[in-house]
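Structure, as structure tokens:
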Amino acid sequence: MMGLTNRMELGKIERRRAVDDVYQAIREAILDRRFPAGMRLNVDELASQLGVSLTPIRSALQLLAAEGLVDVHSRSGTFVATLSRRDLEETFDIRCALECLAAERAATLTDDYIEKARKLLAILAKPIKNDSQRKVHEQANTEFHNLIIESADNKRLADMYESLQAHIAMCRVHRQDEKWELRLPKEQQEHEEIVLAMERRDPKALVKALRDHILRAKGVLVENVRAAE
């Protein structure tokens, strides 16, 4: 009996890993634009490409649907999610509220946090000439804002922010326009103002700098959607 139980447990672990690997592979393909918004995801093709059965594919798509990255329609199939203007507005409003709350509640902005912010600021200042450098920039940007959330030392707030990350990434990925590079100097200036407020240990200035930065980005993305409608 013991041997049978062990074999069953090992089988469950392997299956879980397959689902996790499939989920991660499809998620990355969506977030790095290999699977564009509105693309139909064929279950059979995905299973063939990833070398797995249909079961982990379907399970992974359910997880992605719960995360808001894919839309599942019983009759027409599964598609990479397309964000509406309202989706963008709601996502950025919640993001702004959470980051500003974190800034208000930050118990201590330690020298370690500020040093990390400065290092990320240096990465964000580097020129972007290819997709690889763009990915580095996007990752540094994500880590920069995560520092604000971490500084609040509030697990529930951090969990809520983490649940929003995929939506924030989708906003950036699927609503980029040809002028995005022209906005980088403004973005860098805003990040610099955020770090300066951190260095002064000035919560009010930090909240204002964050709000101005996030709402400016929201306005650009919403205008892009409006222009495409």
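Quick notes on this one:
- Checking every residue in region 111-134 against the condition of being under 15 Å from the mean Cα position of the chain (by Cα), over 19 Å from residue 210 (Cβ atoms) and surrounded by 13 or more Cβ atoms within 10 Å (Cβ to Cβ) gives at least one match.
- Among residues of region 206-229 being at pLDDT below 95 and small (Gly, Ala, Ser), the one that is nearest to residue 146 (Cα to Cα) is 217.
- Region 90-110, residues that are out of contact with any Phe, Trp or Tyr (no Cβ under 9 Å at 6 or more places or on another chain), crowded, with 20+ Cβ neighbours inside 10 Å and farther than 25 Å from residue 220 by Cβ: 109
- Index of the failed condition, residue 40 passing every other in (1) in contact (Cβ under 8 Å) with a residue 12 or more places away in the chain; (2) of a type in the set (D, E, K, R); (3) surrounded by 13 or more Cβ atoms within 10 Å (Cβ to Cβ): (3)
- Condition check for residue 218 on (1) closer than 24 Å to residue 28 by Cα; (2) charged (D, E, K, R); (3) surrounded by fewer than 18 Cβ atoms within 10 Å (Cβ to Cβ): one failure, at (3).
- The selection criterion, being modelled with pLDDT of 90 or more, more than 18 Å from the chain's Cα centre (by Cα) and charged (D, E, K, R), does not hold for residue 15.
- Only residues that are more than 20 Å from residue 74 (Cβ to Cβ), of a type in the set (Val, Ile, Thr) and modelled with pLDDT of 90 or more were counted across region 20-61, and they come to 2.
- Taken over region 164-181, the criterion of being part of a helix (DSSP H, G or I) and either at pLDDT 65 or above or under 14 Å from residue 141 (Cα atoms) (or both) is satisfied by 164, 165, 166, 167, 168, 169, 170, 171, 172, 173, 180, 181.
The values are calculated or read from the model by the stated rules, or taken from the named source; none is laboratory data. It should be emphasised that the depicted structure is a prediction, and the values quoted were computed from it without experimental measurement. Positions of Cβ are backbone-derived with ideal geometry, glycine not excepted, and every protein chain shown enters the neighbour counts.
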